Structure formats: structure tokens, C-alpha cells
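Here is the structure we will look at, set down as C-alpha cells.
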Amino acid sequence: MGTLERRTLGADFMKGTLQLRSVDVGHGGDPLVANINLDLEGGQCVALIGVNGGGKSTLLNTMAGLRPPMAGRIYLGGTEIDRLSSAERARSVSVVFTGRPQAGLLDVRTIVGLGRQPWTGHFGGLNEGDESVIEEAMRIMGVHQLGSRSLQHLSDGEAQRVMIARALAQDTPLLLLDEPMAFLDLVNRVRLLRTLGDEARARNRLVILSTHDLQTSLDLCDRVLLIHDRRLWSGTVVEARASGILERVFADEGSALIRPRVPSGRIERRSPRRWPRASLVVRATYFFNASLISISNFSSLLGPGGGGAGSAFFIRFTDFTTMNITKATMMKSINAVRNMP
């Protein structure tokens, strides 16, 4: 091992503290996001949200030290990030980008094992501890059974989970993910966010992910970073819901989805004035009421006069472990709406 300290999952290193001081990010000219002042500690999962082209990916790349800030300073664990060597940075921050990497014929286990490279020294040999970290990362992401398969033969969602497993095996205090849920179905989006949140809290990591899945992020993340009008708003999920900023920013994208939780098992009729985009929306709460998933286009099931454009319904189910909702279950819920007083 020489002088390089070998680490395993859960080791405490720099505590994932990230600080931005008067930071501007962009590609030249006017910044995409200006004057960012931010302090984030480890042990939390943070959702980075905003409209397309607002600068989410650019901000993540700047946080990772892959792009210099246009102005200001970024600190990781108290050290300015541009003062870290490439090896130190690789042991401090891991990044998962959107899209499938070109990995040739490398199998899944080898790709996940590459996450250990910052800790293995010049010769890249894996010891027993490294093998244990690789196994654990693959187990956490549910890709252990894919270990011998080539990445190019996997689905986009499977490949994305493999790359996240590689980042977990890298075992850094800061984990940045750009649209990690882009290729995942609804169930696996929730599973991923629950996993990342558990990892953040159990191992004192700071996890920051960009996403357009607003509702799931609000349900499962600890904090929100919102890019709007070239500024970065930061606050807890409770503060984001209460402040009204989400409705203002996403008013044109269906702000009716941003709402307080309805107690489980309750069926409510919302007035058309409060929900201007009136339609039947079914929300299935699964994984023990952990998240809300919107399922639309069921208005036709109501039949003539069964809802129409004049009202909106929100139906809640509990303890769904998959989204395979049977027709009988759905019709039972539709009938409950029909018979509402």
C-alpha cells in the first residue's frame, strides 16, 4: 500500500463539507449563475433543480473542479479545490454524468472496480478491502447479478446503475450526479433516491444530484438548490414548499404537482380554481408512503360526466411496492371518485 491510505465504504474523510464563496459559473461572457454563496455539510442528499439550460450541469462540473469558476472560490473540506492534485481530487469527489460511457467490452465488475483506482496506487492492484468495497457497491445498486456482463449489452437504466456503483466504490465524501434518474423507470427512481439518501446519512457523504423529477426529489431529498434568474436559491425541502418559490418558478410547467401531502388513504376533491389544469391524476404512494408518483391520462376511465374539465381528483394508495397497479384496483379507485358527494 505504501503511503497511500486504503479506504473502505464508510470511512470518515473531510466530512463532505462544500463551500462556495461569491462564485460565478458559465462558459464565458455573462455567467449562467452568479454570486453563489453556499455551505453544505455531509450527511444529506441535495436536489439541484431548475429549467433546462439554467446551468445545472455547468454548476456540477464547477463543483467537481472539472471547470474553473468564472469568479469566486470553491472549498472542499476546507481546501480550495483548485489546490488539490488530480489524485487528491479523485479521492475527494466522484461524478456520474448523464449518458452511457464508451467502455468497450469491459464487464460490469471491472467497471465498478475502476472506482477503486484513486486508492490502489500506481500498479492498480486490488486487495481484500478493495474487493469488499466493490461487492458492497454492487449490492447497494442491485447490479451484482450483472457482474460478468458487458456494459454495452445492458439497458440504459442498468448501465446508469453500474456507473453509480462505480462512484460509490470510489468512496468519496462528495458525490455529484447529473440527471441520474434520466434512464430509470418510476419505481427505480424512488429506489435510487432512497439509496442515495441512505448512503449520505449513513456514511456522512454529501450527495448532490440534478434532476427534473421535482415531486420525487421533494419527497426524498433533504435540501433543494434551485437555479432561477441566474441566482441559486438554497433551503430545506420544507422551506422550499413553504416559500412559494417552486410555484413561481415552475408555474408554466404544472405547479399543481407541488403541493402539501394529503393524509394517506384520503380522497380529496380540489376546486378547479386551485387546480387550473383540471384532470384526473392518480398518485400511488409506495415504498411505505415514501414518495408520490403521478400517473395521468386516466380521465377517460371516468366515463361521461365523471370528472371532465371541471374538477381534479387526487387519489392515494399505500404500500405499493411496484407500479403494476391492476385494473381491478384502479377501477375500484375510479368508482370511489365517481361516488363522491
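The values are calculated or read from the model by the stated rules, or taken from the named source; none is laboratory data. In this text the structure is predicted, and so the values were computed from the model without any measurement. Neighbour counts run over all protein chains shown; Cβ positions are idealised from the backbone, glycine included.
One table, with the values for the structure above:
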quantity: Identity of the residue in region 85-135, among the β-branched types (Val, Ile, Thr) and outside any strand (DSSP E or B), that ends up nearest to the chain's Cα centre (by Cα); calculated: Thr98
quantity: Residues of region 34-59 classified as touching a Gly at 6+ places or on another chain (Cβ under 7 Å), assigned to a helix (DSSP H, G or I) and either free of Cβ contacts under 8 Å to residues at least 60 places away in the same chain or over 16 Å from Ala182 (Cβ atoms) (or both), total; calculated: 1
quantity: Condition check for Pro101: within 23 Å of Leu209 (Cβ to Cβ) and in contact (Cβ under 8 Å) with a residue 60 or more places away in the chain; calculated: yes
quantity: Any hit, region 157-164, residues being touching a residue at least 40 places away in the same chain (Cβ under 8 Å) and not in a helix (DSSP H, G or I); calculated: no
quantity: Number of the condition not met by Thr62 [criteria: (1) farther than 27 Å from Asp130 by Cα; (2) in contact with a Gly (Cβ under 6 Å, 6 or more places away or on another chain)]; calculated: (2)
quantity: Residue selected from region 202-232 under the condition among the hydrophobic types (A, V, I, L, M, F, W, C) and not in a strand (DSSP E or B), by the criterion surrounded by the most Cβ atoms within 10 Å (Cβ to Cβ); calculated: Cys221
quantity: Test: residue in region 178-201 that is surrounded by fewer than 20 Cβ atoms within 10 Å (Cβ to Cβ) and over 14 Å from the mean Cα position of the chain (by Cα); calculated: yes
quantity: Residue that is surrounded by the most Cβ atoms within 10 Å (Cβ to Cβ), among those in region 233-261 that are of a type in the set (Asp, Glu) and at pLDDT below 85; calculated: Glu247
quantity: Residue list for region 78-100, filter: surrounded by fewer than 18 Cβ atoms within 10 Å (Cβ to Cβ) and either of a type outside the set (A, V, I, L, M, F, W, C) or not assigned by TED's automatic domain parsing to the domain that holds Ser150 (or both); calculated: Gly78, Thr79, Glu80, Asp82, Arg83, Ser85, Ser86, Glu88, Thr98, Gly99, Arg100
quantity: Members of region 28-56 that are among the polar types (S, T, N, Q) and over 14 Å from Arg231 (Cβ atoms); calculated: Gln44, Asn52
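Rundown of residues vs (1) modelled with pLDDT under 90; (2) crowded, with 19+ Cβ neighbours inside 10 Å; (3) among the small types (Gly, Ala, Ser), yes/no style:
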{"position": "Gly124", "(1), (2), (3)": "yes, no, yes"}
{"position": "Asp130", "(1), (2), (3)": "no, yes, no"}
{"position": "Met138", "(1), (2), (3)": "no, yes, no"}
{"position": "Gly147", "(1), (2), (3)": "yes, no, yes"}
{"position": "Leu151", "(1), (2), (3)": "yes, yes, no"}
{"position": "Leu176", "(1), (2), (3)": "no, yes, no"}
